[in-house]
Amino acid sequence: MPKQINHILVIRLSAMGDVAMSAPIIRELKSKNPELKITILTRAFFKPFFRDIENVHVFEADLKGRHKGVLGLYRLSKELKKIQIDAVADLHNVLRSNILKLFINGIPFVQIDKGRASKKALTSGKIFKQLKTTHQRYVDVFSQLGFKLNISKPIFSKKVELNVKLNNIISNSKSNIGIAPFAAFQSKAYPLGLMEQVISELSKTKNILLFGGGASETEILNSIETKYDNVTSLAGKLSLDEELDIISNLDVMVAMDSGNAHIAAMLGIQVVTLWGVTHPYAGFYPFNQDIENALLANREMYPLIPTSIYGNKFPEGYEDAIASIQPDKLIEKIIEVQKKALQ
């Protein structure tokens, strides 16, 4: 442990996937420095991501309440100073954390390099190569503070022993496949008609669990549930803690370039990801996953991919690029990965 750093504050306020990506790095940091006290500044909703890492505490940022605006951030800085932190690892590097940096002085405060220039070069077509991963960028922050981490051989939490309620959701006789078909932008979401073909075929022999949130997604997933045997929608039925328990018992999670992929990956679950106008080269590929588990849109048909980092920008005609992934190829990949997971 670096001299005089006994308590470190880690800032990562959002988004869900980015916070989930920090969890394996925090776990590695703790395993290498068992005496180090770690406080995570994040939203209350994300607290379960760190639930089983010993001596890691979550300081809840109330960004819509007492910590709202500049005055609220000043109040937050005063509250943080009371817990006697020795250094700050800012894994977010946004306006809020930059304001906090002004208020928290006198201790080391290292911020993530997001690589904005290289990402712009990637999405503008100037380069097409693998950029540094977000996980490595997190590691680099801790390295600057003197903590040397190795994420090549990660440690994951054990599969959660389910209570009666959740055990009724998981099948003991069939493989359990999670499917999270939604994403923040439609350009990153596999068309529901195609995904239904996948669900229809897989549900003949496997237990399919559907993940989503919000009224619209819940209604859609509930409708799919009624059409097929061995399909259960979990949307709106479980807490985040309960969802994590279920995901830890999956054989495979199928997800877009989205938060659910990173949640499953942080638990050590095999993830099959589908990519539309975004691309793994941007550095957001799920943690410790085989790149062969990624199914990409046809770049011969859509040569400008990646058109943006988050999937919010794309030229006309690219909104359905992800549909170039054939359902039979997805089914084949899921079965392949599921067999590997059981070996």
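Laid out as a table, the results:
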| quantity | calculated |
| --- | --- |
| Percent accessible area from carbon and sulfur atoms, the range 206-257, protein chains only, probe 1.4 Å | 42 |
| Relative contact order for the range 81-166, counting Cα pairs under 8 Å that sit 6 or more residues apart, in percent | 28 |
| Cα convex hull of the chain - mean projected area over all directions, nm² | 17.9 |
| Cβ charges +1 (Lys, Arg) and -1 (Asp, Glu), total dipole of the chain, debye | 1460 |
| Cα convex hull of the range 51-123, projected area averaged across orientations, nm² | 6.9 |
| Inter-centroid distance (Cα atoms) of the range 142-178 relative to the range 186-215, Å | 22 |
| Accessible area of the chain divided out per residue, in Å², using a probe of 1.4 angstrom | 46 |
| Other-chain or far-sequence residues with amide H under 5 Å of F109's (modelled H) | V88 |
| ³J(HN,Hα) computed for each position of the range 145-152 - Karplus, 6.51 cos²θ - 1.76 cosθ + 1.60, integer Hz, glycine/proline x | 8, x, 9, 8, 10, 10, 9, 6 |
| Accessible-area composition of the range 54-99, carbon plus sulfur, in percent [1.4 Å probe] | 52 |
| Extended-chain gain in nm, criterion 0.36 nm per residue less alpha-carbon gap, S324 and K159 | 55.9 nm |
| Antiparallel bridge percentage (DSSP; both residues within the chain; nearest 5) | 0 |
| Within a Gaussian network of the chain (alpha carbon springs, distance under 10 Å), most fluctuating of E219, E243, E79 | E79 |
| Separation between Cα centres of the range 284-312 and the range 35-112, rounded to whole Å | 32 |
| Residue-averaged [θ]222 nm for the chain, counting only DSSP H segments that reach four residues, each worth -39500 (n - 2.57) | -10500 deg cm²/dmol |
| Listed pairs K206/K227; K120/K329; K165/K204; K206/K339; K30/K148; K47/K340 exceeding 20 Å between Cα atoms | K120/K329; K165/K204; K47/K340 |
| Carbon + sulfur, % of accessible area of the range 293-336 - ligands and nucleic acids excluded, 1.4 Å | 51 |
| The chain: most fluctuating residue of V88, V141, V160 per GNM, C-alpha cutoff 10 Å | V160 |
| Rounded to the nearest 20 debye, dipole of the range 1-129 from Cβ charges on Lys, Arg, Asp, Glu | 480 |
| Most to least accessible of Y74, Y285, Y190 (protein chains only, probe 1.4 Å) | Y74, Y285, Y190 |
| GNM top mover of G146, G214, G236 - the chain, alpha-carbon springs below 10 Å | G214 |
| Dipole in debye (nearest 20) - the range 202-343, about Cα centre, beta carbon charges: Lys, Arg +1; Asp, Glu -1 | 260 |
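The values are calculated or read from the model by the stated rules, or taken from the named source; none is laboratory data. Please read these numbers as outputs of a predicted model, since none were measured by experiment. Because the Cβ atoms are built from the backbone with ideal geometry, glycine has one as well, and the counts that use them run over all protein chains shown. In case anyone asks, the SASA skips ligands and DNA or RNA and just uses the protein heavy atoms, side chains included. Shrake-Rupley method; radii C 1.70, N 1.55, O 1.52, S 1.80 Å.
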